[in-house]
1. Return yes or no: is B:ARG46 touching a helix residue (DSSP H, G or I) at 6+ places or on another chain (Cβ under 7 Å), modelled with pLDDT under 95 and either facing another protein chain (nearest Cβ under 10 Å) or not in a helix (DSSP H, G or I) (or both)?
2. I need every pair where a residue in region A:268-287 that is more than 8 Å from chain B (Cβ to nearest Cβ) and among the hydroxyl-bearing types (Ser, Thr, Tyr) has its Cβ under 9 Å from the Cβ of a residue that is surrounded by 16 or more Cβ atoms within 10 Å (Cβ to Cβ) and assigned to a helix (DSSP H, G or I), sequence separation at least 6 or different chains.
3. Can you spot a residue in region A:28-46 that is part of a helix (DSSP H, G or I), hydrophobic (A, V, I, L, M, F, W, C) and under 16 Å from A:ARG150 (Cβ atoms)?
4. Taking region B:129-171 as the region of interest, how many residues are over 25 Å from B:SER87 (Cα atoms), among the small types (Gly, Ala, Ser) and facing chain A (nearest Cβ under 7 Å)?
5. Tell me the residue from A:PHE54, A:PHE19 that is closer than 13 Å to A:PRO102 by Cβ, assigned to a helix (DSSP H, G or I), more than 9 Å from every other protein chain (Cβ to nearest Cβ) and touching a helix residue (DSSP H, G or I) at 6+ places or on another chain (Cβ under 9 Å), please.
6. Counting only residues that are within 20 Å of the chain's Cα centre (by Cα) and either surrounded by 14 or more Cβ atoms within 10 Å (Cβ to Cβ) or of a type outside the set (A, V, I, L, M, F, W, C) (or both), how many does region B:23-34 have?
7. Need the failing condition index for A:TYR4 against (1) part of a loop (DSSP other than H, G, I, E, B); (2) in contact with a Pro (Cβ under 8 Å, 6 or more places away or on another chain), just the number.
8. Please give the helices (runs of 4 or more DSSP H) falling wholly within region B:55-171 in which 1 or more residues are assigned by TED's automatic domain parsing to the domain that holds B:ALA13 and surrounded by fewer than 19 Cβ atoms within 10 Å (Cβ to Cβ).
Amino acid sequence: MYAYDELDRTLINERVEEFRDQVKRRLSGELTEDEFKMLRLQNGVYLQLHAYMFRIAIPYGTLSSKQLRRLAHVARRYDRGYGHFTTRQNIQFNWIKLAELPDALADLAEVGIHAMQTSGNNTRNVTSDQWAGVAPGEIEDPRIWSELLRQYTTLHPEFSFLPRKFKFAITASAHDRAAIKIHDIGLRLHRNAQGETGFEVLVGGGLGRTPFIGKTIKPFVHGRDILSYVEAILRVYNQYGRRDNIYKARIKILVHELGIDKFAAEVEDEWLAMRDSALTLDDAVIEEIRSRFSYPSYENLPHMPEELKKAAHDPLFERWRKNSVFTHKIQGYAIVTLSLKPVGGPPGDATAEQMDALADLADKYSFGEIRVGHEQNLALPHVAKRGLPALWKALDKIRLATPNVNLVSDIIACPGLDYCSLANARSIPIAQELTRRFANHDTAELIGRLHINISGCINACGHHHVGHIGILGVEKNGEEFYQITIGGRADENAELGVLIGPAVPYGEVADVVEDIVEAYLALRERPDELFVDTVKRLGVGPFRERVYATR
Amino acid sequence: MPLVKNGMIATDALIHVPDGAELPGDGAVLVSAARFLENPEALLQRAGKTGVIWPNNRDVDDLVPFLDRLAVVALVFPTFRDGRAYSQARLLRERHGYDGELRATGQVLRDQFVFMLRAGFDAFEVKKESDAGAFALTSKRYSVFYQPTGDGRLTALHRRMQQRHSESAGQ
């Protein structure tokens, strides 16, 4: 965990007071809604269908138990008792009252949580691997760099009014859990031939109306230069990104229109003019940030404790362990993923009671730490394996032990038309229906890893383009229709899914997905050929035939 | 539209001269970039001071040869959502060493003052009277800054390093 110092605390308190003044001016009529709109967006406040929605940052997906309890408090006191974890390591509350927002922010600021730049045309919450610092084989903990970037991007005086929103993601593992290739800037930590730490920098990835996979702009930028290099990219974008058309304003369009080589040359020119500036990070500065991350004092524990051997006789425990427990870099410890996708539930939602109970479990079993992943699940990152059986029982009681992690019912979905004023169609009921269809665990396990992503409109908050099966809600003559893509993925081999055919009506979506899955089961070469690999081998043809033969 | 300069409401010493209108014989003037670039020498040789309104979609490089003879550069925020002039301001101050008045014009609200000061602006044509009146208060709203810019404010990283040094020196 990163511990805020007095400076960090002062800054977020100052931000709360500024926002309090902005809300006061809006309520008194001194600010028009148009003027207030950009100001509230800078602080994560959207106007949704029914109420204001409040989005809070969970930088690089790390939460302390104390912070999680405070989120529960906000859910209970200012909202309707639950929150929604998003695909960008944020949490959203859907029923907040404008007049109470400053107080909610002040409560959160006490535990070092803020909502700065969780919306608006600025640099958004910096996201990272939810297994940062505990994944085996990591280059180093990417959260050090994420925190440096969080500070650098927070209230940036030059880049708070960009042409459009701007998202960073960082990974330090060969397997990318942070989806860096679909971000405006993706950073992959690696070492050069001299053993120095730096970044492969990708630029111009993003989904939405015009999806692109990010392109490598520079294969290696030394760690000490990363802020100046990022500043060069942002400066070129701020000046030349399109502002005439909101749909063409993201950096991906600028990169696409100029071409990556020309864009890279512009950035290089800018960078060379300012790389030796106050932005250069010397070792002492990096060390200073590193020193404020605390790590658990791990014990020397056996790989296979007695408690685990004993529990292996319980098939339900074993089912959960095989599905939700992952290898930790320290022997005797495990990473536990907590599915927020119970059968019939809205993906990513957690109640205040669940949050409080989980905070207690984190204290007992995970050194007080919780992680949030872009798949809209949570994780306990440092669980001693001997505690797994007891933890499982406790998680099951609060409905956080659904053993469907990475399976077909582990669905990513945006809030859709149930909440969102941008949506064309509902997402949540589609997800709920699919979890019911695939509720049988043995079937789900037989199918294997399969990611379904659902967005209720073209803005793609549910990342449908990179779902193994992507579902996009559209509106046709006042009715909800859904376009289905297959073969997308968001990892290190990121690809955009391919449309299988004409959109289908709301009532047929679950049937179509079942058809696709059945086709896959019949077509796969062997049981461990994943859905996405079968699609890659065969293309969409056989799936299209299966789906449309009878429609 | 009130002008805030050096932290206080001030009277504008410059006369805005629209394109096509005749220049006064002497006295300070503010003209458009297009008019200025038509004949910069003629303007700069006048008795009065010269200021230029520079649009936010034109490279500031074109202005660089004249910077040391300009009294005012006015950058434009057509709406406060359009942040191009922040980059122009930093480039003028930090890369090209411009040290005359740097004025923010257009939709300038109190909520931008800190960003603008940090980017190098020192004069503000503020849209609302109430915001101009609130300048002193709002411009001091923040005491912690994460990014280094040319404004000389110490960054959080810098202050932490100083703190470390003073702590270790005291041991």
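1. no
2. A:THR280/A:ARG224; A:THR280/A:ASP225; A:THR280/A:LEU227; A:THR280/A:SER228
3. no
4. Total satisfying the criteria: 1.
5. Going through A:PHE54, A:PHE19 in turn, the sole match is A:PHE19.
6. Residues that pass the stated criteria total 6.
7. Result: A:TYR4 fails condition (2) only.
8. B:129-133, B:135-138
The values are calculated or read from the model by the stated rules, or taken from the named source; none is laboratory data. Given the structure is predicted, the values throughout are model-derived calculations rather than measurements. Counting neighbours? That spans all protein chains shown, and the Cβs are built from the backbone with ideal geometry, glycine included.
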